[in-house]
Amino acid sequence: MTETAYETTNKFLQDAFDVIGLDKNAEHLLKTPSRQVSVELVIQRDDGSIGNFIGYRVQHDNARGPFKGGLRFSGDVNLDEVRSLASLMTWKTALADVPYGGAKGGIHVDPTELSRSELERLTRRFTECIHEMIGPTTDIPAPDMNTDAGVMAWIFDEYSKHNGFNPAVVTGKPVDLHGSVGREAATGRGCLYAIREVLENDGEGLDGSEFVIQGFGNVGSWAGRLLHDQNAKVKAVSDVHGAIYNENGLDTHAVYDHLKKTGSVVDFPQAEDMANEELLELDCDVLMPAAIGHVITEENADDISADYVLEAANGPCTYKAHHILEDRGVTVVPDIFANAGGVTVSYFEWAQNIQHFSWEEDRVNSELESHMVDAFRTIRGLMNKHDITMRTAAFVAAIQKVREATKQRGLQ
Ligand code: NAD
């Protein structure tokens, strides 16, 4: 049977538990979500018919602060996946040293089949159903796959109808509606800082390094454009429709303009089209999965030609694939570190909202950089101390913080 996303996360956690040497009760407590809710969402479609959808919110752990995590819209959303993503958020917020726990939400819907006004009704209905379990000091949603600043604005507005004006209930809002400058780019920018630290630690650098990016949405397109600005060579990118390739490197800003004009990266004039599966196996320094989970499995892990896999997406590698890659000498930069830039700048947005004060973009970016650099130093220290992979070291660092907070609060 194929491994589920939640099983993958728990296996990675177990590798770290074994290094720390926790007792089984503590392991159980740290693995198990605090609360998981599913809600039936009934909306009127534009043609007058009724549409039914299921929404989930899973709150994993709040020992270190309010639950925090994104909301995704996808036909692949299910409770198991949301549980896995909520758990990853607990470890990510701890590693990034932002004062939150972990949560995640999702609605099982193919957003391409709904109009913008149907998506608005769906988001508002979901917010209405869960408004009592979210809030600026309880649980703070943010964008994820197929959700954007506009969706966050609807959540803010709907929440405020029930609970009064409070923009800190959600992050990733439009900049002119209490959002933060730098938030939209933050996950991609954080990926760039993460891989820069890893490469420099290995005596290499971004300049001239070859990248391949799967997924050219918020995270992939920002990372691709920022990497291009640092003279890295982005040889191939993809989206759900297919992949494009240019051996001499793509002008990722021009690819982005093409995507905005046509709705896809495919058929970009200065590139060849190729299949998404082929893209993963291209020869490059850094392969960056920035789309969906479980794209690198035991079936294709041996065919990955990159030296580094930078997990911009959450959970792109199965447990076995991760070990195959590491055994082959491929360094996997784990999701809970690689994509922590998003939640880090979400924290800055939340802090600005609470203080009714705005930061300049330079401050956002430089504080983001500090959090990413500090997280890498912590990881590197633990890798050297225990002779463990970057992923296990990241989990060890995070678990120790959550465990300590749990003990100090007297929750166990
Ligand atoms: P997005 O919806 O903006 O973009 C997703 C991209 O992946 C699109 O280009 C889409 O076409 C592509 N894609 C979807 N299915 C695909 C498939 N089967 N094959 C190839 N490409 C496919 O989403 P995003 O916000 O960029 O999120 C991407 C990943 O990054 C997700 O795993 C998400 O959880 C993770 N992430 C996002 C954030 C954030 O701040 N948005 C933060 C941390 C982690």
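The values are calculated or read from the model by the stated rules, or taken from the named source; none is laboratory data. Note that the coordinates shown come from a computational prediction; the quantities given were computed from them, not determined experimentally. All Cβ positions, even for glycine, are placed from backbone atoms using ideal geometry, and neighbour counts span all protein chains on display.
For the stretch 302-331, a residue qualifies if it is farther than 21 Å from residue 80 by Cβ, out of contact with any Asp or Glu (no Cβ under 6 Å at 6 or more places or on another chain) and not in a helix (DSSP H, G or I), and the qualifying residues are 304, 306, 308, 309, 310, 312, 328, 329, 330, 331.
Could you check the stretch 353-368 and list, in sequence order, the residues that are in a loop (DSSP other than H, G, I, E, B) and surrounded by 10 or more Cβ atoms within 10 Å (Cβ to Cβ)? Passing the criteria: 358, 359, 360. Checking 388, 324 one by one, the residue that is over 24 Å from residue 70 (Cβ atoms), touching a helix residue (DSSP H, G or I) at 6+ places or on another chain (Cβ under 8 Å), in contact (Cβ under 8 Å) with a residue 12 or more places away in the chain and in the same structural domain as residue 291 (by TED's automatic domain parsing) is 324 and no other. With the requirement that a residue be within 15 Å of the ligand (Cβ to nearest atom), small (Gly, Ala, Ser) and touching a helix residue (DSSP H, G or I) at 6+ places or on another chain (Cβ under 6 Å), what does the stretch 193-239 give you? Residues satisfying the conditions are 194, 221, 223, 224, 236, 238.
Among the residues of the stretch 34-46, not a single one is without any contact (Cβ under 8 Å) to a residue 12 or more places away in the chain and surrounded by fewer than 21 Cβ atoms within 10 Å (Cβ to Cβ). Where residues in the stretch 127-150 are in a helix (DSSP H, G or I) and farther than 13 Å from residue 105 by Cα, which of them is farthest from the ligand (Cβ to nearest atom)? Of everything passing the filter in the stretch 127-150, 128 is farthest from the ligand (Cβ to nearest atom).
Considered as a group, the residues in the stretch 322-339 that are more than 17 Å from residue 13 (Cβ to Cβ), buried (at least 23 other Cβ atoms within 10 Å of the Cβ) and not β-branched (Val, Ile, Thr) include one that is farthest from the ligand (Cβ to nearest atom), and that residue is 338. Residue under question is residue 227, and the condition is that it be hydrophobic (A, V, I, L, M, F, W, C) and under 27 Å from residue 183 (Cβ atoms); does it hold? When the stated conditions are applied, residue 227 passes them.
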